[in-house]
Amino acid sequence: MNTTGWIVLIVVIVVVVVAIIIIASTVGRRRKQEADRRRAGELREAAARDELAAREREANSARAAADAKQAEVDAERLRREADERERAAAEARAEQEKKLQHADSVDPDVQTDRHGNRVETGGAAAEAAPTDRAAREEDLPPRRADAPTHTAPRIDGITGEERRPEDRQV
């Protein structure tokens, strides 16, 4: 073989090798693209599942917010009912005290001051139940010096006075 034959043979071999490399890279690229497509499909399916879970969590959050709002409304209604009952109880107590004062003013055996309050002079009258608030408070257990006093109402309607250890049920 002469030099030209060798050159042609080398060129043909180089062209065949380049063609094989091009074909191999094209097939490899197509396989990679197909794998990427499958992976993208899997990612989309996972995203769709996550979206459903996110919507479910949003619905649960909205439901919890609505429940909290309803609880606030119920608490406000109960607080108003408690206030109304407290006013009614205070009115009943005042009416009862008024009736007792009237009975004391009518009873010739009971001494009263000019305001209609009993004047304790000893004997059987001293054993009678006190009707004024200061006398009733003397019968209560002493209040702790470090006990908190709360003036603002709580959501559950408990004030600081009911939270004292003496008031707690065991």
In square nanometres and to one decimal, what's the mean projected area of the convex hull around the Cα atoms of the stretch 1-55? 3.7
Stretchable slack from ALA40 to ALA75, in nm (0.36 nm times residue separation minus alpha-carbon distance): 7.5 nm
Pull up all non-local amide H partners of THR112: gap of 5 or more, or a different chain, and H-to-H distance under 5 Å with H placed in the peptide plane. VAL119
Could you give the C-alpha radius of gyration of the stretch 1-112 expressed as a fraction of 2.2 N^0.38 Å, taking N as the number of residues it contains? 3.57
Ranked highest first by the average count of other Cβ atoms within 10 Å around their residues, in what order do 18-24, 97-103 fall? 97-103, 18-24
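No lab work stands behind these numbers, since they all come straight from the coordinates. What you are looking at is a predicted structure, and each value in this text was computed from that prediction instead of being measured. So basically every Cβ, Gly included, is an ideal-geometry build from the backbone, and we count neighbours across all protein chains shown.
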